Amino acid sequence: MKPKIFIDGKEGTTGLQIFERLGGRTDIELMILAEDLRKDMNARKEMINSADLVFLCLPDDAAREAVKLAEDPNVKIIDASTAHRTDPGWVYGYPELCRDQADRIREAKKVANPGCHATGFISLTAPLVMEGILPKDYPVSCHSLTGYSGGGKKLIQEYEGERTDSRLSSCREYAITLSHKHIPEMMAVTGLKRKPLFFPIIGDYYAGMTTTVGLHNELMGKKMTAVQIHEFLSEHYAGQKYVRVLPFAGEGNIDPRGILESNRNLGTNYLDIVVSGNEEQTLLASMFDNLGKGASGAAVQNMELMLGLE
């Protein structure tokens with residue numbers, strides 16, 4: 001029998017993207033809740049407990065409530081909200097994190113789907129921290145540029161509606177209080193003990209993300225050059241389908257002017273890593289679709305692992 005899939009919160013940006021990615025598949029059965037019942041608690045509860053796997057595409061509090069509705073212990077859950085990303089009872093849904101992470105996801109009943117900015121940050125720093133190359137108390141600073149779709153329906157409507165604010169045409173830095181909701185996730189998954197300085201930026205384009213981290217090589221736990229860090233990350237991600245380490249910057253496969261584009265992997269689940277720099281400093285960058293590997297693409301990847309649909 002085909003596994004039954006229910007998307008709780010299909011009307012949101014991530015939910016719609018998951019629905020579109022699954023719509024043409026013949027190896028699963030999508031369960032659809034009537035529009036007039038999508039806020040009916042009993043109807044949702046019945047769907048959740050009739051499914052083999054449920055995607056939660058809801059605000060944090062609603063996601064926590066939805067988990068309580070799952071009374072069948074065999075129901076598998078992928079939560080796309082922030083609610084459970086640092087919960088030790090949930091498996092973190094970044095399969096490329098370490099050697100056995102994909103196996104942990106395969107065996108899991110509850111998987112927390114990563115945040116978009118966090119995916120970019122973790123892809124660059126987690127392997128270095130785990131290996132002791134980047135000390136856990138390193139003062140990390142990170143910028144992350146995203147398209148406006150990452151802000152959800154309300155922000156999409158603001159950008160795509162009749163514009164009355166000329167500032168929407170510029171890139172805008174936000175979360176300047178340095179308390180972005182992805183920071184606890186970034187620290188918990190990487191093992192960093194010092195809170196990173198994180199500066200997200202929203203641009204006047206729909207989707208795509210570039211996350212960058214700059215490092216002073218002399219402050220690392222293991223003294224390495226940018227070329228050596230590139231070699232290490234290339235080895236760490238060797239054989240991965242969706243995370244690709246590009247040739248060392250300046251050796252091809254990126255703009256010869258040294259320009260990184262945020263829309264490189266639109267509509268895919270790929271995440272490309274660029275390493276550049278010299279003996280003194282290293283620049284790390286990840287380029288991916290904030291709605292792909294940063295959200296719905298990652299969720300579908302996790303679903304395939306949990307249901308053995310690889």
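Would you check if Asn290 is within 17 Å of the chain's Cα centre (by Cα), closer than 24 Å to Arg106 by Cβ, surrounded by 18 or more Cβ atoms within 10 Å (Cβ to Cβ) and at pLDDT 95 or above?
Judged against the criteria, Asn290 is not a match.
Considering only residues that are part of a helix (DSSP H, G or I) and under 15 Å from Thr13 (Cα atoms), which ones fall in segment 115-132?
Here is the first cut: in segment 115-132, the ones part of a helix (DSSP H, G or I) are 116-130.
Across segment 115-132, the qualifying residue is only Cys116.
Return the residue satisfying two criteria in turn: it lies in segment 1-44 and is hydroxyl-bearing (Ser, Thr, Tyr) and touching a Cys at 6+ places or on another chain (Cβ under 9 Å), and of such residues it is surrounded by the fewest Cβ atoms within 10 Å (Cβ to Cβ).
The extreme case among them is Thr13.
Just one of (1) buried (at least 19 other Cβ atoms within 10 Å of the Cβ); (2) free of Cβ contacts under 8 Å to residues at least 40 places away in the same chain; (3) not hydrophobic (A, V, I, L, M, F, W, C) trips up Thr211, so point out which.
In the conditions (1) buried (at least 19 other Cβ atoms within 10 Å of the Cβ); (2) free of Cβ contacts under 8 Å to residues at least 40 places away in the same chain; (3) not hydrophobic (A, V, I, L, M, F, W, C), Thr211 misses (2) alone.
Return a yes/no flag: does segment 157-175 have any residue that is among the β-branched types (Val, Ile, Thr) and touching a residue at least 12 places away in the same chain (Cβ under 8 Å).
No, segment 157-175 contains no residue that is among the β-branched types (Val, Ile, Thr) and touching a residue at least 12 places away in the same chain (Cβ under 8 Å).
Among what's in segment 68-109 and is in contact with a helix residue (DSSP H, G or I) (Cβ under 7 Å, 6 or more places away or on another chain) and of a type in the set (S, T, N, Q), pick the residue that is surrounded by the most Cβ atoms within 10 Å (Cβ to Cβ).
Ser81
Say whether the condition of being more than 16 Å from Gly297 (Cα to Cα), of a type in the set (D, E, K, R) and assigned by TED's automatic domain parsing to the domain that holds Gln301 is met by at least one residue in segment 78-95.
So far as segment 78-95 goes, yes, one or more of its residues are more than 16 Å from Gly297 (Cα to Cα), of a type in the set (D, E, K, R) and assigned by TED's automatic domain parsing to the domain that holds Gln301.
Answer yes or no: is there a residue in segment 250-266 that is under 16 Å from Gly115 (Cα atoms) and in the same structural domain as Gly147 (by TED's automatic domain parsing).
no
For Ala112, are the conditions met, namely being in contact with a helix residue (DSSP H, G or I) (Cβ under 6 Å, 6 or more places away or on another chain), crowded, with 21+ Cβ neighbours inside 10 Å and within 27 Å of Gly239 (Cβ to Cβ)?
no
The values are calculated or read from the model by the stated rules, or taken from the named source; none is laboratory data. Keep in mind that what you see is a predicted model, and the values were worked out from it rather than measured. Counting neighbours? That spans all protein chains shown, and the Cβs are built from the backbone with ideal geometry, glycine included.
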